[in-house]
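Reading through the structure tokens given below for one structure.
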Amino acid sequence: PNGMLTPAGIPLRFDYDILSTTNYGLQIGENRASARYNGKDNFPVKSGTIEMTVKNIDWEYSDKKVHVFFCTVSSSITLYIYKHSGDGIGVYLKNNKTGKSLFLRAMPKDWKLNSIHHLAYTWDGYGNFALFLDGNQISREYMPLESTDVKYFSVGPLGKFGRNGQSSVSRLRIY
């Protein structure tokens, strides 16, 4: 879909699949922009999958920084797909209506500089959530969640949080 380059507010049309073969996707993080998209008709309401390929441009698994690959703005949920020094690769999900939250995470010890990895985050509409890394399920949890009325979502961080280093996101699929 058409999006908005943030923080500049410039209209954006980016094909995460075609361009990934030449530049490995959208570069995000420190001194890079993010891409914000309208959640209506672009983000699953009951169940779904967010799938992407991530390249760590200037960091390894053991760095002490936060790198946000994907996040949402919503009245019902707070969602971050990220890499953090203490958590590793993870998904943070908070049900804003109940205040309950979950962390799906694992520390990958084989992420070398400029390596490319596949992430997939899934939810089934019945409260089951799972995170997959390079084709293997690394974390699974249960938390009741009725729906996800996402106002908009961002590929890359929305603000200053999560801009500590550069990454690229390609082959992004939300279904």
For the condition within 26 Å of T6 (Cα to Cα) and without any contact (Cβ under 8 Å) to a residue 40 or more places away in the chain, what is the one hit in S76, S85? S85
Just a yes or no: is a residue in the range 11-29 at pLDDT 90 or above, under 30 Å from Y126 (Cα atoms), β-branched (V, I, T) and touching a strand residue (DSSP E or B) at 6+ places or on another chain (Cβ under 9 Å)? no
Scanning the range 111-131 for residues that are at pLDDT below 90 and open to solvent by less than 20 Å² (accessible area, probe 1.4 Å) gives W111
Would you tally the residues in the range 137-171 being touching a residue at least 12 places away in the same chain (Cβ under 8 Å), closer than 14 Å to H117 by Cα and either acidic (D, E) or open to solvent by 20 Å² or more (accessible area, probe 1.4 Å) (or both)? 2
Could you figure out which of (1) modelled with pLDDT of 90 or more; (2) among the hydroxyl-bearing types (S, T, Y); (3) surrounded by fewer than 19 Cβ atoms within 10 Å (Cβ to Cβ) isn't true of Y37? (3)
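Please go through the range 40-51 and give me each residue that is buried (at least 18 other Cβ atoms within 10 Å of the Cβ) and modelled with pLDDT of 95 or more, ordered by number. Spell out the reasoning first.
Of all residues in the range 40-51, those buried (at least 18 other Cβ atoms within 10 Å of the Cβ) come to 43, 50.
Scanning the range 40-51 gives a single hit, I50.
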If a residue has to be assigned to a strand (DSSP E or B) and either open to solvent by 20 Å² or more (accessible area, probe 1.4 Å) or more than 27 Å from T98 (Cα to Cα) (or both) to count, how many in the range 68-88 make the cut? 5
Kindly list the number of the only condition in (1) over 17 Å from the mean Cα position of the chain (by Cα); (2) surrounded by fewer than 19 Cβ atoms within 10 Å (Cβ to Cβ) that fails for D134. (1)
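The values are calculated or read from the model by the stated rules, or taken from the named source; none is laboratory data. Note that this is a predicted model, so its numbers are computed, not measured. Don't worry about glycine lacking a Cβ; one is built from the backbone with ideal geometry, like all the others, and counts go over all protein chains shown. Surface areas here come from the heavy atoms of the whole protein model, side chains and all, with no ligands, DNA or RNA. Shrake-Rupley method; radii C 1.70, N 1.55, O 1.52, S 1.80 Å.
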